[in-house]
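Below is one structure; the comments refer to it alone.
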Amino acid sequence: MTTPLSRRKLPVGVQGFAKIRTGGYYYVDKTPWLHQLTQEGGYFFLSRPRRFGKSLLLDTLKELFEANEPLFQGLYIHERWDWQRKHPVIRLSFGDGVMESRAALDERIQEMLREQASRLEVCLKNDSIAGRFGELIRRTHERHGERVVVLIDEYDKPILDNITDGETARALREGLKNLYSVLKDADPHLRFCLLTGVSKFSKVSLFSGLNNLRDITLSRDYGAICGYTDQDVDTVFAPELPGLDRQQIREWYNGYRWGDERQPSVYNPFDVLLLFQEREFRPYWFESATPSFLVKLLAERGLYTPRLESMETEANLLGRFDVDDIATEALLFQTGYLTVHKVEQPITGYWLYTLGYPNREVESSLNQALLPALGLPRSGRETLTLFRALQAHDLKALEAHLKALYASLPHDWYRNNPIAQYEGHYASVFYSHLAALGLLIRVEDATHTGRVDMAVDFNGHIYLFEFKVVEQLPEGRALQQLKDKGYADKYLGQGKAIHLIGVEFSSQRRQIVAFDVESL
């Protein structure tokens, strides 16, 4: 634990536990969770988004099982671990490089098996990958006299790197299945096994027969096994906080959760460390490697973007991820663009999850990335115009800007893009354009009389929007509903100006035909 005045080095990109513990870096103690995990023993699987500290977690386990006691001085586990007993560790990682064929994958696996055999001083005589992996585990147990620990990092990366090429992805999946299938018969020789990755492929497709593999991704016991909690930020990183708005840090970077509301939400470590290093609020995690296939897939499926703020799904859909069957909810959840907001069990054994954006960084950045899929140009000119109109609270300029925005959408785009089938396309454009600016937005914000379509809080003003399609209802109904329902009542007393804005859209003319405003 650091004192409020002792600044240490920021472990940006450092994945080695020994380097962090001996090099004067900040370290958030994750050994309470590791102690619990290792006491339970067995085979475990953990899914977390990229750059969430999974590699560091595995390296910590490696040092722990190899009984490198000095590294754990002062940590929770130090007085609770048997340092006289050392277990040999086999560690495989698919984090390096891109493998674009089954042959390249097999070659990489053979290289890793040779490296591990050399390090553990065992000789392998088999030729096949399955045979050599099984032999490596068995002979390591015999050579060292203790059961083996197997740690596999980024187990799914070869598939994800080729997810848009179905044939290649399926071939790589079979290659990995050939490797992982060895674990089911190696139980007599294994003390502990943990596989980590971004996605959760179904057991049938990748872990056939490995029935004792426990998925702790959504376990309430391990919700904070990766990432930083608010308490971590306030204590371990206390020397870095002066000069930064603490509430802004929460709004921008906190909010990830893999269980019910009783669990503490966590920050992505990559964001926090770069914020402390650069001292500026930026979308560090999002910009580091947003997969292009994600945006492409969402565009192809015609996703109604306001729905992303609150998406209900069944528990089984969150784990339904495979080359030929990628549920939208699973894709967004497992890659970290949505997280758990609420968990319900309305009927015994039937679990419902409400997903939403973890924080302002992800909401703003993902909507910015989705704008071209909605027919909007990539240039920042439109965003700047929107910002200037809101900054000046010029609602006439805002109306003119939005009308120009819809007028600029190419006519062919409506005919060719699947999302044009949805009457809510205009609302998607409206919402994503505002959300891309990083504004505080609530979609279908609940009041005592109903739900207002969209609430925007910016620069001392609250804007309440109601949307209607004029072909479905008489003109003028949008603003009237805001007034009749008393949607503004919830926001009275905050000391901010409130503006009711009824936006009416013609699906035939593909344009805003009414922008009625009443300020309170």
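The values are calculated or read from the model by the stated rules, or taken from the named source; none is laboratory data. Predicted model, so just to flag it, every value in this text is computed and none were measured. Glycine gets a Cβ as well: all are built from the backbone with ideal geometry, and neighbour counts include every protein chain shown. Surface accessibility is based on the protein's heavy atoms, side chains included, excluding ligands, DNA and RNA. Shrake-Rupley method; radii C 1.70, N 1.55, O 1.52, S 1.80 Å.
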ASN211 vs. criteria polar (S, T, N, Q), within 30 Å of ARG85 (Cβ to Cβ), part of a loop (DSSP other than H, G, I, E, B) and out of contact with any Gly (no Cβ under 9 Å at 6 or more places or on another chain): yes
Per-region count, the range 70-86, residues outside any loop (DSSP other than H, G, I, E, B) and open to solvent by less than 90 Å² (accessible area, probe 1.4 Å): 3
Only one of VAL340, VAL362, VAL323 that is under 19 Å from GLN263 (Cβ atoms) and touching a Ser or Thr at 6+ places or on another chain (Cβ under 8 Å): VAL340
Given (1) surrounded by 17 or more Cβ atoms within 10 Å (Cβ to Cβ); (2) more than 14 Å from the chain's Cα centre (by Cα), number of the condition LYS296 does not satisfy: (1)
Extreme residue, most open to solvent (accessible area, probe 1.4 Å), among residues of the range 323-339 that are polar (S, T, N, Q) and outside any loop (DSSP other than H, G, I, E, B): THR328
Residue check, THR328 more than 19 Å from GLY227 (Cα to Cα) and within 16 Å of the chain's Cα centre (by Cα): yes
Per-region count, the range 302-338, residues more than 29 Å from LYS177 (Cα to Cα) and either of a type in the set (Lys, Arg) or without any contact (Cβ under 8 Å) to a residue 60 or more places away in the chain (or both): 4
Candidate set: the range 463-488, residues that are open to solvent by 10 Å² or more (accessible area, probe 1.4 Å) and part of a strand (DSSP E or B); chosen: the one modelled with the lowest pLDDT: VAL469
Near pairs, Cβ below 6 angstrom, 6+ apart or cross-chain, from the range 215-240 (in a loop (DSSP other than H, G, I, E, B)) to any residue that is open to solvent by less than 30 Å² (accessible area, probe 1.4 Å) and among the polar types (S, T, N, Q): THR217/SER47; GLY223/GLN263
Conditions (1) in contact with a His (Cβ under 7 Å, 6 or more places away or on another chain); (2) open to solvent by less than 10 Å² (accessible area, probe 1.4 Å); number of the one not met by PHE133: (1)
Single residue of the range 114-149 satisfying the filter (assigned to a helix (DSSP H, G or I) and in contact with a strand residue (DSSP E or B) (Cβ under 8 Å, 6 or more places away or on another chain)) that is nearest to PHE45 (Cα to Cα): ILE137
Pairs where the first residue, in the range 284-301, is in a helix (DSSP H, G or I) and the second is of a type in the set (D, E, K, R) and at pLDDT 75 or above, C-beta under 7 Å, 6+ apart: TYR284/ASP271; TRP285/ARG51; TRP285/ASP271; TRP285/GLU361; PHE286/GLU361; SER288/ARG51; ALA289/ARG50
Flag if LEU56 is touching a residue at least 24 places away in the same chain (Cβ under 8 Å), buried (at least 19 other Cβ atoms within 10 Å of the Cβ) and either in contact with a strand residue (DSSP E or B) (Cβ under 7 Å, 6 or more places away or on another chain) or among the charged types (D, E, K, R) (or both): no
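Which fully enclosed helices (runs of 4 or more DSSP H) of the range 356-462 have 1 or more residues being at pLDDT below 85, open to solvent by 10 Å² or more (accessible area, probe 1.4 Å) and in contact with a helix residue (DSSP H, G or I) (Cβ under 9 Å, 6 or more places away or on another chain)?
Fully inside the range 356-462 and qualifying: 411-416, 425-435.
Residue-by-condition table, conditions (1) among the charged types (D, E, K, R); (2) modelled with pLDDT of 95 or more; (3) under 21 Å from LYS157 (Cβ atoms); (4) surrounded by fewer than 18 Cβ atoms within 10 Å (Cβ to Cβ):
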site: GLY197; (1), (2), (3), (4): no, no, yes, no
site: GLY209; (1), (2), (3), (4): no, no, no, yes
site: THR217; (1), (2), (3), (4): no, no, yes, no
site: ARG220; (1), (2), (3), (4): yes, no, no, yes
site: PHE237; (1), (2), (3), (4): no, yes, no, no
site: ILE249; (1), (2), (3), (4): no, yes, no, no
Boolean, GLY319 is crowded, with 19+ Cβ neighbours inside 10 Å and at pLDDT below 80: yes
Residue match in the range 352-374 (condition: touching a Pro at 6+ places or on another chain (Cβ under 6 Å) and over 30 Å from SER265 (Cα atoms)): no
Qualifying residue in the range 502-512 (condition: open to solvent by 40 Å² or more (accessible area, probe 1.4 Å), without any contact (Cβ under 8 Å) to a residue 40 or more places away in the chain and not in a helix (DSSP H, G or I)): yes
Of the criteria (1) without any contact (Cβ under 8 Å) to a residue 40 or more places away in the chain; (2) at positive phi, which one GLU278 fails: (2)
All positions within the range 136-170 that are hydroxyl-bearing (Ser, Thr, Tyr), open to solvent by less than 40 Å² (accessible area, probe 1.4 Å) and either at pLDDT below 90 or under 14 Å from ARG102 (Cα atoms) (or both): THR168
Residue satisfying all of: in the range 496-520; modelled with pLDDT under 90 and out of contact with any Lys or Arg (no Cβ under 8 Å at 6 or more places or on another chain); nearest to VAL429 (Cα to Cα) among these: ARG510
Every residue from the range 102-115 that is open to solvent by 20 Å² or more (accessible area, probe 1.4 Å) and under 12 Å from ILE90 (Cα atoms): ARG114, GLU115
